[in-house]
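Novice: One structure, pasted below without further comment.
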Amino acid sequence: MIKKWIEAARPRTLPTSVSPVIAASAYAWYLDTFNGYTASICIVFALLAQIASNFGNDYFDYKKGSDRADRVGPRRAVASGDIPAKIMLKATCIVLSLACITGCLLIPSGGWELIIAGIFIAIFALAYSAGPYPLSYHGLGDVTVFIFFGLIAVNLSFYVQALHFESVVFYCSIAMGLLSVNILMVNNYRDKETDEISNKKTLVVIFGRKFAERIYLLNGIIALLITGTIWFTNGIYGYIAALLYLSIHLQTWSRLLKKKGTELNPILGETARNQLVFTLLLVLVLVIDKISES
């Protein structure tokens with residue numbers, strides 16, 4: 001049973017919640033405002049919020065009929081009968097409550113205004129798949145992921161440590177948002193036919209697979225360029241790191257073009273891995289630059 005719950009949490013996609021916090025904390029350290037306790041709370045909150053969203057997605061997609069036992073994507077707990085629907089709904093509420101409680105630990109650092117941000121995060125974690133106008137069913141899933149796994153995740157994680165915003169961190173939040181969108185793009189690329197049957201209007205359903213292929217490629221390149229002040233102004237090691245990430249991104253993109261159906265499932269994990277690689281390379285360049293200046 002534990003294995004079934006781990007699978008329902010979708011561990012291969014969890015780097016998309018951790019990476020923004022790591023990136024934000026690296027900038028905080030680089031700018032001498034790092035707070036280890038606050039950063040740790042941000043990571044726990046981000047993980048719990050994403051797991052709650054994944055559980056909710058599992059439940060509500062089943063209720064709407066878009067997840068079936070014969071789906072080409074990874075096994076879904078409720079649709080496959082591994083976890084009863086009512087139990088999954090309770091688990092969604094419990095994990096989301098834990099995320100809210102964890103988020104409250106940030107109030108002493110960031111102020112009571114964080115409650116507003118927390119409420120929005122909790123609402124959209126469910127509104128992604130639930131409610132009268134589920135965002136993922138109306139072409140807004142990618143926008144939601146970009147905002148909450150990019151702009152909000154990075155900037156707020158930095159703010160609760162530094163108590164101010166920085167333009168360079170904002171650019172990083174755009175990069176993280178684009179890389180997070182790529183994970184969803186692979187998922188929807190794989191599920192295009194079943195989403196059409198379920199009337200789930202993702203961007204891939206609306207604009208087609210060729211559109212998704214181009215966006216996937218561009219998102220990785222733009223993420224690199226928009227954080228160029230890190231890669232291209234810190235010596236040869238910055239260029240090496242940038243080229244390393246670009247080669248990995250291009251390799252995954254080329255594999256995406258050649259796969260279909262269940263063959264795309266590993267590409268989903270590779271895309272999440274690429275975001276984490278991007279983040280760790282960024283951290284490495286920041287650390288080297290900081291040490292070289294001291």
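Novice: So, in the range 137-166, of the ones that are among the small types (G, A, S) and either in a helix (DSSP H, G or I) or crowded, with 18+ Cβ neighbours inside 10 Å (or both), which residue ends up farthest from the chain's Cα centre (by Cα)?
Specialist: Restricting attention to the range 137-166, the residues satisfying the condition of being among the small types (G, A, S) are 139, 141, 150, 153, 157, 162.
Narrowing further to those that are either in a helix (DSSP H, G or I) or crowded, with 18+ Cβ neighbours inside 10 Å (or both): 141, 150, 153, 157, 162.
Working: G141: 12, G150: 7, A153: 9, S157: 14, A162: 23 Å.
Looking at residues that are among the small types (G, A, S) and either in a helix (DSSP H, G or I) or crowded, with 18+ Cβ neighbours inside 10 Å (or both), I get A162.
Novice: Please enumerate the residues belonging to the range 39-53 that are buried (at least 23 other Cβ atoms within 10 Å of the Cβ) and among the polar types (S, T, N, Q).
Specialist: Answer for the range 39-53, where residues must be buried (at least 23 other Cβ atoms within 10 Å of the Cβ) and among the polar types (S, T, N, Q): Q50, S53.
Novice: Additional query: Would you call A153 in contact with a Pro (Cβ under 7 Å, 6 or more places away or on another chain), under 29 Å from I248 (Cβ atoms) and touching a residue at least 12 places away in the same chain (Cβ under 8 Å)?
Specialist: Details: in contact with a Pro (Cβ under 7 Å, 6 or more places away or on another chain): yes; under 29 Å from I248 (Cβ atoms): yes; touching a residue at least 12 places away in the same chain (Cβ under 8 Å): yes.
Against the criterion (in contact with a Pro (Cβ under 7 Å, 6 or more places away or on another chain), under 29 Å from I248 (Cβ atoms) and touching a residue at least 12 places away in the same chain (Cβ under 8 Å)), A153 qualifies.
Novice: Quick check on the range 255-271. Is at least one of its residues in contact with a His (Cβ under 6 Å, 6 or more places away or on another chain) and either of a type outside the set (A, V, I, L, M, F, W, C) or part of a helix (DSSP H, G or I) (or both)? Working first, answer last.
Specialist: Initial filter on the range 255-271 (in contact with a His (Cβ under 6 Å, 6 or more places away or on another chain)): none.
No, because not a single residue in the range 255-271 is in contact with a His (Cβ under 6 Å, 6 or more places away or on another chain) and either of a type outside the set (A, V, I, L, M, F, W, C) or part of a helix (DSSP H, G or I) (or both).
Yes/no per residue for (1) modelled with pLDDT of 90 or more; (2) assigned to a loop (DSSP other than H, G, I, E, B):
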{"site": "S19", "(1), (2)": "yes, no"}
{"site": "Y27", "(1), (2)": "yes, no"}
{"site": "T33", "(1), (2)": "yes, yes"}
{"site": "S40", "(1), (2)": "yes, no"}
{"site": "V44", "(1), (2)": "yes, no"}
{"site": "K63", "(1), (2)": "no, no"}
{"site": "V78", "(1), (2)": "no, yes"}
{"site": "I83", "(1), (2)": "yes, yes"}
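Novice: Can you tell me which residues in the range 189-202 are assigned to a helix (DSSP H, G or I), crowded, with 16+ Cβ neighbours inside 10 Å, in contact with a helix residue (DSSP H, G or I) (Cβ under 7 Å, 6 or more places away or on another chain) and at pLDDT below 95?
Specialist: R190, K192, D195 - these are the residues of the range 189-202 that are assigned to a helix (DSSP H, G or I), crowded, with 16+ Cβ neighbours inside 10 Å, in contact with a helix residue (DSSP H, G or I) (Cβ under 7 Å, 6 or more places away or on another chain) and at pLDDT below 95.
Novice: Going through I83, I2 one at a time, which residue ends up being surrounded by fewer than 16 Cβ atoms within 10 Å (Cβ to Cβ) and farther than 17 Å from V160 by Cα?
Specialist: Result: I2 is the single residue among I83, I2 that is surrounded by fewer than 16 Cβ atoms within 10 Å (Cβ to Cβ) and farther than 17 Å from V160 by Cα.
Novice: Hey, among A223, A212, which residue is in a helix (DSSP H, G or I), of a type outside the set (S, T, N, Q) and farther than 17 Å from S173 by Cβ?
Specialist: Numbers: A223 fails: farther than 17 Å from S173 by Cβ.
Matching residue, one of A223, A212: A212.
Novice: Could you give every pair whose Cβ atoms fall below 6 Å, whose first residue belongs to the range 189-205 and is farther than 18 Å from E263 by Cβ, and whose second residue is aromatic (F, W, Y) and crowded, with 16+ Cβ neighbours inside 10 Å, counting only separations of at least 6 or pairs across chains?
Specialist: K200/Y137
Novice: Among the residues of the range 235-245, which ones are buried (at least 18 other Cβ atoms within 10 Å of the Cβ) and either in contact with a Lys or Arg (Cβ under 7 Å, 6 or more places away or on another chain) or not in a helix (DSSP H, G or I) (or both)?
Specialist: Of the residues in the range 235-245, the ones buried (at least 18 other Cβ atoms within 10 Å of the Cβ) are 238, 241-242, 245.
Answer for the range 235-245, where residues must be buried (at least 18 other Cβ atoms within 10 Å of the Cβ) and either in contact with a Lys or Arg (Cβ under 7 Å, 6 or more places away or on another chain) or not in a helix (DSSP H, G or I) (or both): there is none.
Novice: Another question about this same structure. Which of (1) of a type in the set (S, T, N, Q); (2) part of a loop (DSSP other than H, G, I, E, B); (3) farther than 26 Å from E166 by Cα; (4) modelled with pLDDT of 90 or more does T92 not meet, given it meets every other one?
Specialist: Failing condition for T92: (2).
Novice: Continuing with the same structure: Any idea which of T229, T233, T252, T262 is among the polar types (S, T, N, Q) and modelled with pLDDT of 95 or more?
Specialist: After ruling out the rest, the residue left standing is T252.
Novice: Do you know which residues across the range 10-31 are out of contact with any Phe, Trp or Tyr (no Cβ under 8 Å at 6 or more places or on another chain), within 17 Å of S167 (Cβ to Cβ) and of a type outside the set (F, W, Y)?
Specialist: A23, A26, L31, listed by residue number.
Novice: For G110, are the conditions met, namely being small (G, A, S), farther than 28 Å from M185 by Cβ, exposed (fewer than 15 other Cβ atoms within 10 Å of the Cβ) and at pLDDT below 90?
Specialist: Working: small (G, A, S): yes; farther than 28 Å from M185 by Cβ: yes; exposed (fewer than 15 other Cβ atoms within 10 Å of the Cβ): no; at pLDDT below 90: yes.
Here the answer is no, as G110 does not meet what is asked.
Novice: Output the residue which, of all residues in the range 119-136 that are over 17 Å from the mean Cα position of the chain (by Cα) and not β-branched (V, I, T), is modelled with the lowest pLDDT. Can you show your working first?
Specialist: Taking the range 119-136 first, the residues over 17 Å from the mean Cα position of the chain (by Cα) are 119, 130-134.
Pick out the ones that are also not β-branched (V, I, T) and you get 130-134.
Values: A130: 80, G131: 75, P132: 78, Y133: 85, P134: 86.
Per the stated criteria, the residue is G131.
Novice: Just to be sure before I move on: is V169 under 23 Å from S53 (Cβ atoms) and buried (at least 20 other Cβ atoms within 10 Å of the Cβ) in the structure I sent?
Specialist: Considered against the rule, which asks whether it is under 23 Å from S53 (Cβ atoms) and buried (at least 20 other Cβ atoms within 10 Å of the Cβ), V169 comes out as no.
Novice: What pairs come up if the first residue lies in the range 243-264 and is within 15 Å of R209 (Cα to Cα), the second is assigned to a loop (DSSP other than H, G, I, E, B) and of a type outside the set (S, T, Y), and their beta carbons are under 6 Å apart, counting only those six or more places apart or on different chains?
Specialist: Listed pairs, sorted by first residue: G261/V72.
The values are calculated or read from the model by the stated rules, or taken from the named source; none is laboratory data. Remember, it's a predicted structure, so these values are computed and weren't measured experimentally. We place every Cβ from the backbone using ideal geometry, glycine too, and count neighbours over all the protein chains shown.
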